[in-house]
There are 2 protein chains.
Amino acid sequence: MSQSERNARVRLVDVARAAGVSKTTVSDALNGAGRLPAATREHVRQVARGLGYRPNATARLLRRGHTRLLGVAAREYVDTPWVYADLAYFSQLTTATTRAALSHGYGVVLLPTSGPEDCWLDMPLDGVFVIDPVAGDPMVGDFLAAGVPVVSDRRALSEAGSGARENGRWVDFDYDGAARQVFDHLEAAGARRIAVVAATATACFHQRSVGTYHDWCAERGREPRIVLLPSPGVQQMLDAVRELLAADVPPDALVTLVEVSPPLLLDTIRRLGRSVPDDLLLVCATEDPAASYTDPPVTTLSFLPGETARAAVDLLVDRIEGRAGDHGRLFSADLRIRSSSAFPGRRPALG
Amino acid sequence: MSQSERNARVRLVDVARAAGVSKTTVSDALNGAGRLPAATREHVRQVARGLGYRPNATARLLRRGHTRLLGVAAREYVDTPWVYADLAYFSQLTTATTRAALSHGYGVVLLPTSGPEDCWLDMPLDGVFVIDPVAGDPMVGDFLAAGVPVVSDRRALSEAGSGARENGRWVDFDYDGAARQVFDHLEAAGARRIAVVAATATACFHQRSVGTYHDWCAERGREPRIVLLPSPGVQQMLDAVRELLAADVPPDALVTLVEVSPPLLLDTIRRLGRSVPDDLLLVCATEDPAASYTDPPVTTLSFLPGETARAAVDLLVDRIEGRAGDHGRLFSADLRIRSSSAFPGRRPALG
DNA sequence: TATTCGTGAAGGAACGTTCCTGCACAAGGG
DNA sequence: CCCTTGTGCAGGAACGTTCCTTCACGAATA
């Protein structure tokens, strides 16, 4: 008795027995369905409340066929000692994804990026948003094969093959265009020796931006100046900047592709005896709102985590709920020009 | 035919039929259970692979009785237009929770903090971490009543009543002690006019710290100086600091309880013509690692999101998996003293 | 030769819901 | 008085697994 009492949750049939009705009646009464007189409905509810009945979520799910749960995984930095969510971009992306999902009535599951093979398939998901998949990502293929709708980038979906056309949707970025926008702007502002700080990750954003930078330099016969960080981290980042500025012919413009606190970077540059924008133009790829409150305000390149997440979730939910909709969305990064990247006298309109 | 073909996922029985065996055999073959000769096992696996069979996660869950899914909800800012996850503390807390959960083999669901009543009970969770519950929080009570183990703070659990002793575990903070530590430190460093910036949220950390500040001032016959922000936000925060420093008799120490970028705050103070720590001692409650890289480095009060999350998840998983374990953990905030809060000549040992 | 034993595999209950089908009964129309 | 219609509710299938029980059969033992 004490055994069954201890861990036996009260079920629908228990309520039915106690109320002297069938389980159909209980289910209908609690869900507001069926043809029941108010009296019966109320009576059943009383009994259910009295017994402390709570429906079993899993059983409901099985019956209903959907879980209203969306998975999110940032794959780019799989198997690194540090965690993607520590980066502002991913943090904002997951936050925005959560918000968007909730507005559609979906919960969000943060997925393991590593673990036993196929372990992600154990989660009862209605759809998945795979952020920055690695090349030939098995996760994308696994979910598509399991019939779970996926939003990821276009390349990953086409790699995954069959099932992708049916269940895959994509959200892509024009990384090349974004990088060129930055370099063109700096050149127009007078920069001739642009330096770039990026990370050596598999991060396709970094890889492609660095590639674009090489192309851009080659087209102009310039020498590329790049520092590649093995890992993100405040100290590594600042050290890289110190090293760059200590060169015999220091750069006259700096582009940071790795996340760094803009006011901190500005502070560091100041301590090195340089002045922004007089000695050095500065553009930061960052999501930190602090950039617009510094002196001078810092020009930023944002990858619009909020918009991206919203689009991804909309695409996913349309697919899940069987509505027609776009097959993908192409985003362009948002370059917000501020004083840190305009030489005095030729500042752009935007202060 | 095309209808059933289109959306009918291949099930265990389909594999069984195709392989000419029973579902038991298929289940055993795929799960490595039962007494099967290697030949049969391999044959079944071939057929399953050929049909593209993927087990249904929900059905498994129902059978197994557990989902290996943990819920996380930050309740403090329920029904505010902005989202808790935008704050560094909560962001780090959820990240750390995710990491800890994954290390135990659990996924994490970010829960809606608002929505139709009881909507959180629709999620198939093995346990829940309710961060900063509001007074008389229904979420804590609902989960406990549904037999779902909960980790939250001690007060919320005792309010929730029955079921709490059995299924509840707690993680508490010594807010009062932390606040006193800060004020005592500033007084020892020579401060006589301490100002505090906090938020008017239901945030128990802010409420209690402000209360402690009042007590602390009363004990010394000092006049409390407090600015309460209606909402967090970079602009509001900086405006509050400007207002404080513009007073006829400006404060000689500043304690910020709301999240703000330390280098940005320092920058703002500098632009107001004040110097840290000469004119103003500074202590920030923040999780931003940038604090130690500024000039001067900023004294911080951290609420140890990493440790808190790890402890909460350990407590939860112990309970779920039926292991004995602690009933709770009390944390004390981590005051890391740096140069920003030491008058020249009486700097503490820690640089 | 009759009995045990171990192996290989099938059948079916169970998990806890939802929902389709159907029955009994009362009221109303012909 | 019979047939229809509608109401109130019960029974049971289904969702797709896992796993307990049973069973057949060939080999080894008495």
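The values are calculated or read from the model by the stated rules, or taken from the named source; none is laboratory data. Note that this is a predicted model, so its numbers are computed, not measured. Please note: Cβ atoms are built from the backbone with ideal geometry, for glycine as well, and neighbour counts cover all protein chains shown. The accessibility values were calculated without ligands, DNA or RNA, using every heavy atom of the protein model including side chains. Shrake-Rupley method; radii C 1.70, N 1.55, O 1.52, S 1.80 Å.
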Computed accessible area, A:HIS43, all protein chains, 1.4 angstrom probe, square angstrom: 90
Chain A, relative contact order in percent, only Cα pairs under 8 angstrom and at least six apart counted: 16
Amide H contacts under 5 Å for B:LEU229, placed H, 5+ residues apart: B:ALA198, B:ALA199, B:THR200
Computed log₁₀ I(q)/I(0) - Debye formula, equal Cα scatterers, no solvent, the range B:2-55, q 0.24 Å⁻¹: -0.85
Cα convex hull of the protein assembly as shown, projected area averaged across orientations, nm²: 38.2
FRET efficiency, 1/(1 + (r/R0)^6) with R0 35 Å, evaluated for B:ASP334 and B:ASP248 via beta carbons: 0.50
Placed amide H near A:PHE129: partners under 5 Å, 5+ positions off or other chain: A:GLY71, A:VAL72, A:ALA73, A:VAL151
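Please compute the net charge surrounding B:SER22, taking Lys and Arg as +1 and Asp and Glu as -1 over other residues with Cβ under 15 Å from its Cβ.
+3
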Inter-copy separations for B:SER158, label at 7 Å along Cα-Cβ, nm, ascending: 6.3
The range B:151-282 - Kirkwood radius from inverse mean 1/r over Cα pairs (Å): 16.3
R0 of 30 Å, Cβ-Cβ distance A:SER231-B:GLU307: FRET efficiency to nearest 0.05: 0.85
Neighbouring partner chain Cβ atoms per residue of A:234-246, average, 10 Å criterion: 1
Amide hydrogen neighbours beyond the local backbone of A:PHE173, cut-off 5 Å, H modeled: A:PHE331
Centre separation in Å (Cα based) which lies between the range A:40-74 and the range B:209-278: 48
Protein-only accessible surface order, largest first, of A:ASP267, A:ASP118 at 1.4 Å: A:ASP118, A:ASP267
Total charge dipole magnitude, the range B:214-351, about the Cα centre, Cβ charges on Lys, Arg, Asp, Glu only, Debye to nearest 20: 260
Two-site label geometry, B:ASP215 and A:ASP176: point separation in nm, points 7 Å out along Cα→Cβ: 6.4
Exam field: B:PHE331 pseudo-label spacings to other copies (7 Å along Cα-Cβ), nanometres: 3.0
For A:119-127, mean number of other protein chain Cβ atoms within 10 Å: 5
Accessible area (Å², 1.4 Å probe, nearest 10) - B:ARG274: 70
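Using the alpha carbon gyration tensor of the range B:216-320, what are the three equivalent-ellipsoid semi-axes (square root of 5 times each eigenvalue), largest first, in whole Å?
Calculated on Cα positions only, the semi-axes equal 31, 18, 13 Å.
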Other copies of B:GLY177: label-to-label distances in nm, shortest first, labels 7 Å along the beta-carbon direction: 5.6
At R0 = 22 Å, FRET efficiency that the Cβ-Cβ distance of B:THR40 and B:ALA8 yields, to 0.05: 0.25
Net charge contributed by nearby residues that have their C-beta within less than 10 Å of A:GLY328 (K/R +1, D/E -1): 0
Highest to lowest packing among B:241-254, B:216-229, B:284-297, B:182-195, scored as the average C-beta count within 10 Å: B:284-297, B:182-195, B:241-254, B:216-229
Principal axis dimensions, chain B - Cα atoms, whole angstrom, descending: 89, 42, 41
Of all chain B residues, the one whose C-beta is nearest the axis that brings B onto A, in angstrom: B:PRO263, 2
Options B:VAL151, B:GLY161, B:VAL241, ranked by Cα towards positive dipole end of the range B:142-292, top entry (Cβ charges): B:VAL241
Within 10 Å of each Cβ in A:250-262, the average number of Cβ atoms from other chains: 1
Listed residues A:ILE269, B:VAL196, B:LEU69: farthest to the positive end of the dipole of the protein assembly as shown (Cβ charges): B:LEU69
Per residue, in Å², the accessible surface of the protein assembly as shown once ligands and nucleic acids are set aside, probe 1.4 Å: 44
Spacing of the two label points (7 Å from each Cα toward its C-beta) at B:LYS23 and B:ASP118, in nm: 3.0
